[in-house]
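> First the structure, which I've put down as structure tokens, then a few questions once you've had a look.
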Amino acid sequence: MHDHSGASPILITLSVFDLALAAVLILALAVLSLRLQLGIERRLLVSAMRTTMQLLLIGLVLKLLFDNAHFLWVAIMAAIMITAAGHEVMARQKRRFAGGWGFGLGTLSMFVSSFTVTVLALVLVIGSTPWYAPQYAIPLLGMVLGNTMNGIALGLDRLTQEASTRRAVLETRLALGQDWNEAIADSRREAIRVGMIPIINAMAAAGIVSLPGMMTGQILAGTPPVDAVKYQILVMFLIAGGTGFGTVVAVSLGARRLFDERQRLRLDRLRAATD
Amino acid sequence: MATLALHQFQALHVGPLDLTVGAGECVCIRGASGSGKSLLLRAIADLDPHQGEAWLDGRRCSAMPAPSWRRQVALLAAEAQWWSDTIGAHFSTGCKPVWLDRLGLPPTALDWEAARCSTGERQRLALLRTLMQGPAALLLDEPTGNLDEDSTARVESLLDDYRRSTGAALLWISHDPRQASRVAQRCFLLVDGRLTAECTTTAEPARS
């Protein structure tokens, strides 16, 4: 290991050869998967390819964006990011809401939470000029969005799973005259908890068990550790806020959607994932 | 006192059918598995989408908030469901000790853990849970399906008293023709989504 404890941080640029060395790890893992018949070598390789292509591409896009810091471009970039996140949330559901709801539910919730949280942070905390300066806006939104997406996907998945497996209980509660809100309350609470627990755990373990990726990346790229840590704390809080509020919104809307205007449990509004 | 009436009532492959269960009357429905008996009861309780209309004493189901309809036209499902740990947590207003006693349950039954109760105990307790809401009409899906002879007799007698004292309308699904003739004034057979009158028994209706 190199010693970087010196006073002046040095940015060591990685060459293609360096990255290729790291890629050997992935290849080795794929071979192991083949030998153990895990059946995930294809997905592993495709994902590794995707990460390479997508990140290189986004690097170029960000470079372009940073050179042309126009609000419209930042807004378009943000819109693309949220649409992709919405698709990802939908793709992760074992049972998804049919029709536009499958995509709309997660996307709307992420829009409400991630956007609000990121804009608040940009305007009130960071105070960059302009407030939408892409160097701050895009990475922040990306991190908040990525984590909110996880929370919402987990929460919605648990909600629909609860509704399906506990159908008889829910309908008994309805039959006893409880309204939909009361009948689904336990399942909704559970789903929201499930969505929020990963970020709560991440905050509790940060710095002791794990060094968060953003901070690590900043330090590797030469930022003084204390500055990197301050940004990491900010990002943790933003992520927690975005995930928490986003999960609450998504699960609450989803719970409402499980019942129709006569407060019947409508599992026919869910579709099993085809893959 | 309440009359339950169905007009051109239709849910999936059941109906359209017309049926009136008078106040203080018990009507039995029999039919093969899959004939749609439970489906019919679920739709009357407005738990499933349906066509046509159900009336309780001239009040339309669709004109009432669903929860209050379901409190008055109460469905007792064949499989009793419990979600809290103790039985008592499911009884918001407690349970009449005399009813527990009549079903052969001790007063401490409310302290029992739901998960540790036998199927028969759960079924009897579920009936009491529903009766404590004081429904005006009862939709009973094989309420004695998991009970022995003694408990069956106790349930039949309690439901008979409830019907007579409150004038409730009972729609009772049973597999057993002998039970049908014991508890019901009229019996129907559900075949191909249609109700055919099967028998008129001598069991007397409630005082009017």
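The values are calculated or read from the model by the stated rules, or taken from the named source; none is laboratory data. Keep in mind it's a predicted model, so treat the numbers as computed, not measured. For neighbour counting, all protein chains shown are included, and Cβ atoms are generated from backbone atoms with ideal geometry for every residue, glycine included. SASA here: full protein model, heavy atoms, side chains in, ligands and nucleic acids out. Shrake-Rupley method; radii C 1.70, N 1.55, O 1.52, S 1.80 Å.
> Just name the residue that is nearest to B:Glu121 (Cα to Cα) out of those in segment B:158-171 that are open to solvent by 50 Å² or more (accessible area, probe 1.4 Å) and of a type outside the set (Lys, Arg). Talk me through it step by step, then tell me what you get.
Here is the first cut: in segment B:158-171, the ones open to solvent by 50 Å² or more (accessible area, probe 1.4 Å) are B:161, B:164-166.
Add one more test, that the residue is of a type outside the set (Lys, Arg), and what stays is B:161, B:165-166.
Working: B:Asp161: 20, B:Ser165: 25, B:Thr166: 25 Å.
Result: B:Asp161.
> May I ask you to list pairs of residues, at least six apart or on different chains, whose Cβ atoms are under 7 Å apart, with the first in segment B:130-148 being in contact (Cβ under 8 Å) with a residue 12 or more places away in the chain and the second being hydroxyl-bearing (Ser, Thr, Tyr) and not in a loop (DSSP other than H, G, I, E, B)?
Close Cβ pairs satisfying both conditions: B:Leu131/B:Tyr162; B:Asp141/B:Ser38; B:Thr144/B:Thr152; B:Asn146/B:Thr119.
> Among the residues of segment B:57-75, how many are open to solvent by less than 10 Å² (accessible area, probe 1.4 Å) and either more than 7 Å from chain A (Cβ to nearest Cβ) or of a type outside the set (Lys, Arg) (or both)? Steps first, please.
From segment B:57-75, those open to solvent by less than 10 Å² (accessible area, probe 1.4 Å) are B:61, B:66, B:69-70, B:73-74; that's our starting set.
In the following step, the residues that additionally are either more than 7 Å from chain A (Cβ to nearest Cβ) or of a type outside the set (Lys, Arg) (or both) were identified as B:61, B:66, B:69, B:73-74.
So the count comes out to 5.
> While we're looking at this one, here's another question. Given the structure, is B:Ala115 surrounded by fewer than 22 Cβ atoms within 10 Å (Cβ to Cβ) and within 14 Å of another protein chain (Cβ to nearest Cβ)?
Numbers: surrounded by fewer than 22 Cβ atoms within 10 Å (Cβ to Cβ): yes; within 14 Å of another protein chain (Cβ to nearest Cβ): yes.
Judged against the criteria, B:Ala115 is a match.
> Continuing with the same structure: Within segment B:2-30, take every residue that is in a loop (DSSP other than H, G, I, E, B) and at positive phi and give me the one that is modelled with the highest pLDDT. Before you say what the answer is, go through the steps one by one.
Here is the first cut: in segment B:2-30, the residues in a loop (DSSP other than H, G, I, E, B) are B:2-3, B:12-13, B:22-25.
Subset that is at positive phi: B:12, B:24.
Working: B:Leu12: 88, B:Gly24: 95.
Per the stated criteria, the residue is B:Gly24.
> Name the pairs: first residue in segment A:11-25 and in a helix (DSSP H, G or I), second residue surrounded by 11 or more Cβ atoms within 10 Å (Cβ to Cβ) and not small (Gly, Ala, Ser), Cβ to Cβ under 6 Å, at least 6 apart or on different chains?
Going by the 6 Å Cβ cut-off, there are no qualifying pairs.
> Looking at B:Asp48, B:Asp85, can you tell me which residue is facing chain A (nearest Cβ under 10 Å) and charged (D, E, K, R)?
Details: B:Asp85 fails: facing chain A (nearest Cβ under 10 Å).
Matching residue, one of B:Asp48, B:Asp85: B:Asp48.
> On the basis of being touching a helix residue (DSSP H, G or I) at 6+ places or on another chain (Cβ under 6 Å), assigned to a helix (DSSP H, G or I), touching a residue at least 60 places away in the same chain (Cβ under 8 Å) and open to solvent by 10 Å² or more (accessible area, probe 1.4 Å), does A:Met149 make the cut?
On the way: touching a helix residue (DSSP H, G or I) at 6+ places or on another chain (Cβ under 6 Å): yes; assigned to a helix (DSSP H, G or I): yes; touching a residue at least 60 places away in the same chain (Cβ under 8 Å): yes; open to solvent by 10 Å² or more (accessible area, probe 1.4 Å): yes.
Answer is yes for this residue.
> Hey, can you tell me all the residues within segment A:190-210 that are open to solvent by 80 Å² or more (accessible area, probe 1.4 Å) and within 23 Å of A:Val117 (Cα to Cα)? Break it down into steps so the answer makes sense when it comes.
Pass one, segment A:190-210, residues open to solvent by 80 Å² or more (accessible area, probe 1.4 Å): A:193, A:200-201, A:208-209.
A:Arg193, A:Ile200, A:Asn201 - these are the residues of segment A:190-210 that are open to solvent by 80 Å² or more (accessible area, probe 1.4 Å) and within 23 Å of A:Val117 (Cα to Cα).
> Looking at this structure, is B:Ser62 in a helix (DSSP H, G or I) and among the small types (Gly, Ala, Ser)?
Working: in a helix (DSSP H, G or I): yes; among the small types (Gly, Ala, Ser): yes.
So B:Ser62 fits the description; yes.
> Could you pull out every one of the helices (runs of 4 or more DSSP H) wholly within segment A:156-231 that has 1 or more residues that are within 14 Å of chain B (Cβ to nearest Cβ) and more than 30 Å from B:Ile44 (Cα to Cα)? Let's see the steps before the verdict.
Numbers: elements: A:167-175, A:180-205, A:213-220.
Filter on segment A:156-231 gives A:180-205.
> Out of (1) within 25 Å of the chain's Cα centre (by Cα); (2) within 27 Å of A:Pro225 (Cα to Cα), what's the single condition that is false for A:Thr13?
The one condition A:Thr13 does not meet is (1).
> A follow-up question, please. From the list A:Leu32, A:Leu65, which residue is over 23 Å from A:Leu141 (Cβ atoms) and part of a helix (DSSP H, G or I)? Explain how you work it out, then say what you get.
Details: A:Leu65 fails: over 23 Å from A:Leu141 (Cβ atoms).
Testing whether each residue is over 23 Å from A:Leu141 (Cβ atoms) and part of a helix (DSSP H, G or I) leaves just A:Leu32.
> Which one is surrounded by the fewest Cβ atoms within 10 Å (Cβ to Cβ) among residues in segment B:88-112 that are part of a loop (DSSP other than H, G, I, E, B) and more than 14 Å from chain A (Cβ to nearest Cβ)? Spell out how you get there, then give the answer.
First pass over segment B:88-112, keeping only residues part of a loop (DSSP other than H, G, I, E, B): B:91-96, B:103-106, B:112.
Still in the list and also more than 14 Å from chain A (Cβ to nearest Cβ): B:94, B:96, B:103-106, B:112.
Details: B:Gly94: 9, B:Lys96: 12, B:Leu103: 20, B:Gly104: 16, B:Leu105: 22, B:Pro106: 11, B:Trp112: 18.
Among those residues, the one meeting the criterion is B:Gly94.
Yes or no, residue by residue, for (1) surrounded by 16 or more Cβ atoms within 10 Å (Cβ to Cβ); (2) closer than 30 Å to A:Asp268 by Cβ; (3) in contact with an Asp or Glu (Cβ under 6 Å, 6 or more places away or on another chain):
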| residue | (1), (2), (3) |
| --- | --- |
| A:Leu11 | no, no, no |
| A:Val16 | no, no, no |
| A:Leu21 | no, no, no |
| A:Arg35 | no, no, no |
| A:Ser47 | no, no, no |
| A:Leu56 | no, no, no |
| A:His87 | no, yes, no |
| A:Val117 | yes, no, no |
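> While we're on this one: Are there any pairs with C-beta distances below 7 angstrom linking a residue in segment B:57-69 that is closer than 11 Å to A:Gln263 by Cα to a residue that is of a type in the set (Lys, Arg), with the two at least 6 apart or on different chains, and if so which?
B:Ala66/A:Arg262
> Has segment A:237-258 got at least one residue that is open to solvent by less than 30 Å² (accessible area, probe 1.4 Å), more than 23 Å from A:Leu154 (Cα to Cα) and within 18 Å of the chain's Cα centre (by Cα)? Even if it seems obvious, please write down each step before you answer.
Keep residues of segment A:237-258 that are open to solvent by less than 30 Å² (accessible area, probe 1.4 Å), which gives A:238-244, A:246-247, A:250-251, A:254-255, A:258.
Subsequent filtering for residues that are more than 23 Å from A:Leu154 (Cα to Cα) retains none.
No; the residues of segment A:237-258 include none that is open to solvent by less than 30 Å² (accessible area, probe 1.4 Å), more than 23 Å from A:Leu154 (Cα to Cα) and within 18 Å of the chain's Cα centre (by Cα).
> Do you know which residues across segment B:128-144 are small (Gly, Ala, Ser) and either open to solvent by 50 Å² or more (accessible area, probe 1.4 Å) or within 11 Å of chain A (Cβ to nearest Cβ) (or both)? First the steps, then the outcome.
Filtering segment B:128-144 down to residues small (Gly, Ala, Ser) leaves B:134, B:136-137.
If the condition is that a residue be small (Gly, Ala, Ser) and either open to solvent by 50 Å² or more (accessible area, probe 1.4 Å) or within 11 Å of chain A (Cβ to nearest Cβ) (or both), then B:Gly134 is the only one that fits.
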